[in-house]
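Below: one structure, written as structure tokens.
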Amino acid sequence: NMYVSAIHAYLAGIIDGEGNITLARQPYPAICYPHVQIVNTEYTLMEWLKGNFGGGISARPYFGSYKPSWVWRVLGPKARDLLLLARPYLVLKGQQADIILAYPFNVRPRRYRMNPDDTALRIELYERIHDLNGHPRPYRR
């Protein structure tokens, strides 16, 4: 459907221009969750995103002369599902999306222990996405 494709392309443009795709850490070892967020001063855009793709909206703290802004976020597997829709149209943040899409969601730790190969992959993906985002961040245990 062309209408649906246009919405997905528009989403990708917003993510490329105003968005952030990353992996955020949990307090226990090698558990990260995908995080897609968009910051904008237009609340109408945030409502449109939430209405079409779910997620949540929160106010961003106001700083002096800056206009008030809003943050729309999608986390975890829902972020992956969102990126599956936007990926064919992403121009600037395609590599970050590919990292999220490669993240092993189906592996759950047992008593906070995980297969060493799964742990190594998660740490590698975490470090790669932070390098791409311009915030090199070694994974510290």
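The values are calculated or read from the model by the stated rules, or taken from the named source; none is laboratory data. Keep in mind that this is a model prediction, so the values were computed, not measured. When we count neighbours, we look across all protein chains shown, and the Cβ atoms used for this are built from the backbone with ideal geometry, even at glycine. Side chains are part of the model used for accessible areas, which takes the heavy atoms of the whole protein and leaves out ligands, DNA and RNA. Shrake-Rupley method; radii C 1.70, N 1.55, O 1.52, S 1.80 Å.
A few points about this structure:
- Cα pair distances in the chain, grouped into 5 Å bins until the bin that holds the longest one, percent each: 2, 10, 18, 20, 18, 14, 10, 5, 2, 0
- Point-to-point label distance, residue 120-residue 39, nm (Cα→Cβ direction, 7 Å offset): 3.6
- Dipole in debye (nearest 20) - the chain, about Cα centre, beta carbon charges: Lys, Arg +1; Asp, Glu -1: 660
- 17 Å Cα-Cα reach of residue 67 towards aspartates and glutamates, excluding residues that sit fewer than 8 places from it in its own chain: 18, 42
- Residue 7 accessible area, assembled protein chains, probe 1.4 Å, Å²: 30
- Between residue 133 and residue 92, the modelled labels are 1.5 nm apart [label points 7 Å from Cα along Cα→Cβ].
- Computed on protein heavy atoms with a 1.4 Å probe, the accessible areas place 48, 72 in the order 48, 72, largest first.
- Under 17 Å from residue 78, Cα to Cα: lysines that are on another chain or at least 8 residues apart: 50
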